[in-house]
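These notes concern the structure reproduced below.
The values are calculated or read from the model by the stated rules, or taken from the named source; none is laboratory data. Just so we're clear, the structure is a prediction, and the values are computed from it rather than from any experiment. So basically every Cβ, Gly included, is an ideal-geometry build from the backbone, and we count neighbours across all protein chains shown.
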Amino acid sequence: MTNQKAEGRRPSGRLVIRNCRIIDPLNKRDEAGDILMEDGRISALGKDIAPNGAEAVKGDGLVACPGLCDMHVHLRQPGREDEETVESGSRAAAAGGFTAVACMPNTQPVLDNRGMIELIRSLETPLCRVHPVGAISKGLEGLELAEIGDMAGAGAVAVSDDGRPLTDSNLMRRALDYCRMFGIPVVSHCEDKFLSADGSMNEGPLATRLGLRGIPSAAEASMAYRDCRLAALTGGRVHIAHVSCAETVEVVRQAKKQGVAVTAETCPHYFCLTEEAVVGYNEAARVNPPLRTKRDVEAIIGGLSDGTIDCIATDHAPHSLEEKEVEFDASPTGMIGLETALGLCWTHLVEKKVLTARQLVEKMSVNPRRILNLAGGSLEVGKESDLTLFDPNAEWTVDPEKFKSLSRNTPFAGWKLKGRAAMTVVGGLVVKVD
Ligand code: DOR
């Protein structure tokens with residue numbers, strides 16, 4: 001860990017957050033109280049804790065929860081340090097209230113061996129815990145398995161060919177088999193490349209009207225079905241990344257009913273936006289999988305509320321403006337999300353009563369850690385103090401110029417949101433204060 005002095009503020013030994021709402025789903029706690037932290041650990045929880053010289057922060061009206069964890073980000077290092085680095089991505093994570101992220105392997109070169117996993121771990125700063133995801137196949141080429149055991153031994157928390165879906169079903173079967181031995185999940189970017197072909201948005205009447213080639217939901221749902229069957233066959237764990245459509249929600253729902261070891265995530269853009277965001281050839285709304293229809297948004301909301309979808313991740317995908325701001329179908333896919341996720345989720349899920357605050361904490365903090373076998377996810381005396389303190393009533397307007405990320409590609413510029421991180425604490429270090 002480097003930069004400790006420069007980047008974080010370790011309160012003079014002890015810090016107490018007074019009278020906040022403490023939401024800790026694993027300990028079934030949702031009540032007002034104080035949290036005392038010392039030497040990087042939580043040392044007391046309860047009412048009216050005697051401060052004994054501790055620095056005090058007023059928590060009135062604020063919510064404290066186990067630090068948010070984003071299990072799907074792209075940090076672009078190595079290879080595209082102009083778009084993001086481990087450090088800048090960590091800064092964006094801290095600003096957004098995240099204390100941990102899992103970063104995808106589609107860097108240049110690819111994270112497909114022990115050395116690359118060790119490199120990412122060596123770049124971690126005190127701003128955020130960064131957990132690398134290794135590639136399933138060497139070079140993401142879909143031909144030969146990467147050294148999964150070696151990567152898991154070096155700290156890879158999962159494997160994925162995110163961005164370059166795995167066509168070879170037998171390779172996927174073997175990846176699930178290997179990962180079962182190491183206790184890590186396979187994160188599947190579900191896309192049948194023959195079906196998505198050169199599509200650039202959701203398939204349907206709107207794509208026809210805009211003269212753009214479409215990507216049918218079946219491209220995602222059919223692969224999700226395949227991977228659920230392969231998880232059932234092998235006993236391995238599959239995690240379906242960035243669920244975008246109604247059909248995939250149903251595939252996951254049915255597989256869970258059958259006892260398949262499947263979990264799933266969606267991203268804020270799949271429940272806050274529809275394909276209409278593309279109108280005007282708005283390249284900021286180009287993402288893979290594509291934004292879908294109102295019916296899909298409703299199904300995703302249904303999947304979030306009935307537990308079919310376990311997590312909300314951002315798929316934070318930084319792209320340079322020069323590359324992003326070109327003709328729609330030549331623009332790279334993806335949008336950044338670390339600094340808007342909490343506000344989008346609070347405004348569009350909790351305020352609209354789709355999820356309770358506790359359920360949101362489960363999906364943004366507890367469940368991703370459970371899936372990736374990460375420590376944390378609860379607020380307990382003696383445990384390392386990774387927590388997020390947020391203001392559910394803070395109203396703010398998304399201004400990409402203020403982002404800590406090195407990139408600016410978001411379709412949410414100018415959106416008015418409610419809910420924002422006020423303080424982010426990683427291992428007792430205050431890495432973000434409003
Ligand atoms: O839109 C996307 N962008 N989807 C992915 O799966 C990959 C990501 C990227 O790396 O830019």
For Val430, the lone unmet condition from (1) assigned to a strand (DSSP E or B); (2) free of Cβ contacts under 8 Å to residues at least 40 places away in the same chain is (2)
Restrict the check to segment 90-109 and report whether at least one residue is modelled with pLDDT of 95 or more, more than 14 Å from the chain's Cα centre (by Cα) and away from the ligand (no atom under 16 Å from the Cβ). yes
Does Asn393 satisfy being among the polar types (S, T, N, Q), surrounded by fewer than 24 Cβ atoms within 10 Å (Cβ to Cβ), in contact with a Gly (Cβ under 8 Å, 6 or more places away or on another chain) and part of a loop (DSSP other than H, G, I, E, B)? no
Reported set for segment 336-371 where residues are part of a helix (DSSP H, G or I), surrounded by 21 or more Cβ atoms within 10 Å (Cβ to Cβ) and among the polar types (S, T, N, Q) is Ser365, Asn367
Where the second residue is part of a loop (DSSP other than H, G, I, E, B) and not acidic (Asp, Glu) and the first is farther than 17 Å from Asp315 by Cβ and modelled with pLDDT of 95 or more and lies in segment 404-417, which pairs have Cβ atoms under 6 Å and are six or more apart or on separate chains? Ala413/Val398; Trp415/Val398
Test: residue in segment 139-162 that is out of contact with any Gly (no Cβ under 8 Å at 6 or more places or on another chain), more than 16 Å from the ligand (Cβ to nearest atom) and under 20 Å from Lys432 (Cβ atoms): no
Filter result for Gly235 (under 19 Å from the mean Cα position of the chain (by Cα) and surrounded by fewer than 21 Cβ atoms within 10 Å (Cβ to Cβ)): no
Only listed residue being touching a residue at least 60 places away in the same chain (Cβ under 8 Å), away from the ligand (no atom under 15 Å from the Cβ) and either within 20 Å of the chain's Cα centre (by Cα) or farther than 25 Å from Ala221 by Cα (or both), chosen from Thr308, Thr356, Thr263: Thr263
When you check Leu374 against the structure, is it surrounded by 20 or more Cβ atoms within 10 Å (Cβ to Cβ) and either more than 16 Å from the ligand (Cβ to nearest atom) or more than 25 Å from Gly214 (Cβ to Cβ) (or both), yes or no? no
Is at least one residue of segment 312-335 surrounded by fewer than 17 Cβ atoms within 10 Å (Cβ to Cβ), within 16 Å of the ligand (Cβ to nearest atom), part of a loop (DSSP other than H, G, I, E, B) and within 19 Å of the chain's Cα centre (by Cα)? yes
Tell me the helices (runs of 4 or more DSSP H) entirely within segment 62-162 that contain at least 1 residues that are in contact with a Lys or Arg (Cβ under 8 Å, 6 or more places away or on another chain) and surrounded by fewer than 24 Cβ atoms within 10 Å (Cβ to Cβ). 86-96, 148-154
Selection over segment 248-283 where residues are assigned to a helix (DSSP H, G or I) and crowded, with 20+ Cβ neighbours inside 10 Å yields a count of 12
Test of understanding: among Leu166, Leu176, Leu195, Leu171, which residue is within 16 Å of the ligand (Cβ to nearest atom), in contact with a Gly (Cβ under 7 Å, 6 or more places away or on another chain) and either at negative phi or among the hydrophobic types (A, V, I, L, M, F, W, C) (or both)? Leu166
Options Ala207, Ala224: the member that is within 15 Å of the ligand (Cβ to nearest atom), at pLDDT 95 or above and not hydroxyl-bearing (Ser, Thr, Tyr): Ala224
Restricting segment 415-434 to residues that are in contact with a Pro (Cβ under 9 Å, 6 or more places away or on another chain) and more than 24 Å from Ala375 (Cβ to Cβ), which is surrounded by the fewest Cβ atoms within 10 Å (Cβ to Cβ)? Lys418
